[in-house]
1. Among ASN339, GLY367, ALA433, flag the residue with its Cα farthest along the positive direction of the charge dipole of the chain, charges on Cβ as +1 for Lys/Arg and -1 for Asp/Glu.
2. Per-residue counts of other Cβ atoms within 10 Å, averaged by peptide: what ranking do you get for 124-134, 300-310, highest first?
3. Can you list the residues, at least 5 places off or on another chain, whose amide H is less than 5 Å from the amide H of GLY455, using H built in the peptide plane?
4. Assign unit charges at the C-beta atoms only (+1 for Lys and Arg, -1 for Asp and Glu), then state the dipole size of region 8-68 relative to its Cα centre in Debye, rounded to the nearest 20.
5. Please give the peptides 388-400, 347-359 ranked by average Cβ packing (other Cβ atoms within 10 Å per residue), highest first, as a rough proxy for protection.
6. Using the 2.2 N^0.38 Å rule of thumb for compact globular proteins, work out how region 358-461 stacks up: its C-alpha Rg over that value, please.
7. Excluding same-chain residues fewer than 8 positions from LYS324, which lysines have a Cα within less than 28 Å of its Cα?
8. Using the Karplus curve 6.51 cos²θ - 1.76 cosθ + 1.60 with θ = phi - 60°, what ³J(HN,Hα) values do you get for each residue of region 183-192, in whole Hz, with x for Gly and Pro?
Amino acid sequence: MAKLKLKSKNIRSLGYPEGPVISIAMNVMEKNYKFEKEDNVMNLLREILASPMEYENDAVLGLIAQQLLPKKAPEGMEIFLNKTGVAFNVFGNEHVGPEAMNQMYQAAKLPVATAGALMPDAHSGYGLPIGGVLAVDNAVIPYGVGLDIGCRMHLSVFDIDPKDLLQKEAFFVRELKAATLFGGGRQFDRAASHEVLERSEFEDIALLRGLRHRAARQLGSSGSGNHFVEFGQVQIDSEDPVLGLKPGKYLGLLSHSGSRSLGAAIANHYTRIARAKRRLPGEVNHLAWLDLDEQEGMEYWLAMNLAGDYAEACHELIHDKLAKAIGRKPIRRAGNHHNFAWKEQHDGREVIVHRKGATPAGTNVLGIIPGSMTASGYIVKGKGEPASLSSASHGAGRKMSRSAASASISEDRLNAALEAHGVRLIGGGLDEAPQAYKDIEEVMKSQKQLVEVLGLFTPKIVRMAD
């Protein structure tokens, strides 16, 4: 296989500024991704340019990201962490690594923190760990929500025998490809039409005015990484009034993605403002917050809620397209965010609860907790457990980083797992192989006090980014 050879003009065409960053990018990618396809490398460079803060601390890609970040030192108030943090509960301690635990300890020392919890699928991230839940007083932390604001699950259940997925596989594969668009920078040729695009926030907030056009062209699309749209079997063993489905097996459509470029732009813009206003020690500088009493804090709050509604609209369009292709209306739809912040009452006071990679699990609140491309996901309702701030895991959680998975899992191992579980995969990569994830059944055992299982979703035809 020929080694990767990049051209500076192609990197400039992505929007990279003139200067050392172009030669640094060429050297880093040619050295560390020498046998990767050029298209994949260019897509990764595009993602770094769009969200340099996400890659700032990456051992390899951070060399590029740091050249793209503003160099001006923040001028705001220097903030010191509390010597001891607020108490937080850990569920499934045996599944949580030391990096995620340390991140949560540091977050708990923020002066605005009031309570926290760590879910059994937790692993390290930027700002809060993935699977981290943090309640704060009258403030919002953009990186406590995350880059992909409103990343969510969305389920449609059809009164169709799931055996059709095997008997008519070619039909479902064709329609799944036709109705979906995946990839970090991808957008449709024609803008979609949806009421979310008419929201006043797109005019009232300066940042959003420049984002509406691209948001319209990405509406109804999905991102890369672990985002998916998949057909599978829904199994309900007993009837529950909250879910409202009779026992049986149904054809299900499940999707996972967020607010696309809109959410990333909002997260990066308001994090820069927060970091300039409140200077935190190096290892927690991503956790700078905005007070909800200040203009920037309220702007972020409104923009975050818009991005969440936009993410939901993306799912609605995908599910509407596929329901039309199938020729049947779903008998039940359900969904939930798992990268968001909510105003809630806990211990008799109003707080802002950040769930970064965590599912809302208030009393009788429906949620979907996926496994992997071969492992069944769970349809659940929350128990409103105070110890978890009414939260649960958002999935199985990674046990291997993307780079480690790509380096250690072979195509043969991935294909063997797919064949063993009878799964048809369209797109996807070794970084999302099922072996890269924790055992979802073990994760669910660790949160029995948080959620009640109402049903299972077993994937059969899985679509992910190419």
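1. ALA433
2. The peptides rank, most packed first, as 124-134, 300-310.
3. ILE379
4. Computed charge dipole of region 8-68: roughly 220 debye.
5. 388-400, 347-359
6. Dividing the Cα Rg of region 358-461 by 2.2 N^0.38 Å gives 1.16.
7. LYS163, LYS168, LYS177, LYS246, LYS249, LYS460
8. Result, rounded to whole Hz: x, x, x, 6, 8, 6, 5, 10, 6, 7.
Read the figures in this text as sums done on the coordinates, not as results from a lab. As the structure is a prediction and not an experimental result, all values here were calculated from the model. Counting neighbours? That spans all protein chains shown, and the Cβs are built from the backbone with ideal geometry, glycine included.
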